[in-house]
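Report on one structure; see the data block that follows.
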Amino acid sequence: GEERGGWGDGGRVVDGDGALTGWLIERGWGEYAAAFAAKGFTRVGLGALTMQNLEDTVTDSADVREAIWGAIETMRTREKDGGGRGREPARTPKSAKRSRTN
């Protein structure tokens, strides 16, 4: 991709997963996109990351690591509930509750 600058990575071209880069940028963590790309991480593979992976990638801020971890956890939960295909928009969670009677 030829996406440059504007999101805190010094204008470098990021040869990583565009979906992951977008996911990071949307949440205000675009400056870490190059680090995630360097590790070969992808948006689809985010759910498999461990906190150790994050510690190795986002080394300068425990707060950011915790925030990214929280977002990954939220994503894991949503994907488990909604069928979990990487880039599909989340379906309305209420309609996903089929066989529950309250």
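Structure summary
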| quantity | calculated |
| --- | --- |
| Whether the stretch 13-57 is rounded, prolate or oblate, judged on the alpha carbon gyration tensor where a/c under 1.5 counts as rounded | rounded |
| Under the Karplus curve 6.51 cos²θ - 1.76 cosθ + 1.60, θ = phi - 60°, whole-Hz ³J(HN,Hα) for the stretch 22-30, x wherever Gly or Pro sits | x, 4, 5, 4, 4, 9, x, 10, x |
| ³J(HN,Hα), Karplus 6.51/-1.76/1.60, whole Hz, each residue of the stretch 55-69, x for Gly, Pro | 4, 6, 9, 9, 8, 9, 8, 5, 4, 5, 4, 4, 5, 5, 4 |
| Note, ³J(HN,Hα) from phi for the stretch 40-54, Karplus 6.51, -1.76, 1.60, rounded to Hz, x at Gly and Pro | x, 6, 10, 4, 5, x, 4, x, 8, 5, 10, 4, 4, 4, 5 |
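Any read-out appearing in this document is the output of simple, stated calculations on the displayed coordinates, not a laboratory observation. Quick caveat, the model's predicted, so the values are computed rather than measured.
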